[in-house]
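A short write-up of the structure that comes next.
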Amino acid sequence: MGVVASFQYNIGPARVIFGPGSLGQLADAITGQGCKRALILSTPHQSAEAKGIAAALGPLSAGLFTDATMHTPVDVTERAMATYRAVGADCVVSFGGGSTIGLGKAIGYRNDAPQIVVATTYAGSEVTPILGQTENGEKTTVRAASILPEVVIYDPELTIGLPVAMSVSSGLNAMAHAVEGLYARDRNPISSMMAMEGLRALKQALPRILNEAGDLAARGDALYGAWLCGTVLGTVGMALHHKLCHTLGGSFDLPHSETHAIVLPHSAAYNAHAAANELKSAADLFGGSLGAGLYDFAASINAPTALRDLGMKEADLDRAADLATRNPYWNPRPIERQAIRALLQNAWEGARPQ
């Protein structure tokens, strides 16, 4: 091994409880934060499970808010804040994926409420101090210590019911955090090690989930990989891929994880030459060519591969390119309007990166 270069590594103080049956530790997680009245958050789709959790918690549950929405609209957050105050809550329990976790973070950002997350997808946002929220058709992100959840419960049993299609796109969403982490400007040996381990775990787990949705070991491996990839997202800066997905999601209302799944091979191909050294291990994992390898992997597990299949209009690609190149994130390859427009065209058509 050569000389290790100088680096900084900032690690979040969150507590992670991992393993089958770990939902049973939720009450202890609440009281361990010094809290007594939790507001349970979910999407409308998961409201039945949220009600079950509230019933199991008994007096530790202050009430429910089951209107969490994709891309964390500010008006929904304001309604949730009103409920939080009305029921006299002193913490939040976010049950679900990125939409619910985002709402919990938005509440914590505004009132510093302790957050306990019960993660049921592979989104990874539960271990980041980053909040993306939407207002007036534009998604903005903010980073603050109060946004990072204090406790995360990863119970693979809760992901058994996650539909295979959602599992696949959610897993690819997590992989995008790791790929961008490998060439991040503030990367370090620890984040890169976690990124590669997360990619390996998900690459092995997702085809097994496709083959057998109830495979608890595969579900556990995917959750483990997602945790690692999310931790990378929380410790280093993101680049072109996340800027593109924030633009497509926040301004064109495309579904979050599916958009990440489609864009990932194209953003990886865009940066493949400029970050060849940093991406070599990942490229080797996917057959030598990272963009094409990721595309083939996504296609092999029946992931979406074309933005037009999500309802994106070809006529909107010019505006998307304009928005994505305005205030660009740092990126290893310069952000060129014409090249980004071509990238979006390929992603819209579902063309395999060369």
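The values are calculated or read from the model by the stated rules, or taken from the named source; none is laboratory data. No experiment lies behind these values; they were computed from the predicted model shown. No Cβ is skipped: glycine too gets one built from the backbone with ideal geometry, and neighbour counts run over all protein chains shown. Ligands, DNA and RNA are stripped out before the accessible areas are found, and what is left, the full protein with its side chains, is counted by its heavy atoms. Shrake-Rupley method; radii C 1.70, N 1.55, O 1.52, S 1.80 Å.
Could we say that ILE30 is β-branched (Val, Ile, Thr), open to solvent by less than 40 Å² (accessible area, probe 1.4 Å), farther than 30 Å from LEU248 by Cβ and not in a strand (DSSP E or B) here?
So ILE30 fits the description; yes.
Applying the selection to region 42-70, what residues are closer than 10 Å to GLY96 by Cβ and either open to solvent by 40 Å² or more (accessible area, probe 1.4 Å) or of a type in the set (D, E, K, R) (or both)?
HIS45, GLU49
Exactly one of (1) of a type in the set (A, V, I, L, M, F, W, C); (2) open to solvent by less than 40 Å² (accessible area, probe 1.4 Å); (3) modelled with pLDDT of 95 or more is unmet by ALA165. Its number?
Status for ALA165: all satisfied but (2).
Within the set of pairs 6 or more residues apart or between chains, which connect a residue that is over 13 Å from LEU158 (Cβ atoms) inside region 89-105 to a residue that is aromatic (Phe, Trp, Tyr) with Cβ atoms less than 9 Å apart?
These pairs meet every condition: VAL92/PHE65; VAL92/TYR84; LEU103/PHE65.
Within region 328-350, which residues are in contact with a Ser or Thr (Cβ under 9 Å, 6 or more places away or on another chain), part of a loop (DSSP other than H, G, I, E, B) and without any contact (Cβ under 8 Å) to a residue 40 or more places away in the chain?
GLU336
Name the single residue that is least open to solvent (accessible area, probe 1.4 Å) among those in region 251-260 being assigned to a helix (DSSP H, G or I) and over 20 Å from ALA342 (Cβ atoms). First the steps, then the outcome.
Filtering region 251-260 down to residues assigned to a helix (DSSP H, G or I) leaves 251-252, 256-260.
The next check asks that each one be over 20 Å from ALA342 (Cβ atoms); those that pass are 256-258.
Values: HIS256: 66, SER257: 19, GLU258: 51 Å².
Among them, the one singled out is SER257.
Pairs only if they're at least six apart or on different chains, beta carbon under 6 angstrom, first in region 225-254 and closer than 25 Å to THR159 by Cα, second modelled with pLDDT of 95 or more and among the aromatic types (Phe, Trp, Tyr); list them, first residue then second.
The qualifying pairs do not exist here.
Out of LEU206, LEU233, LEU279, report the one residue that is open to solvent by 10 Å² or more (accessible area, probe 1.4 Å) and assigned to a helix (DSSP H, G or I).
None of the others qualify; the one that does is LEU233.
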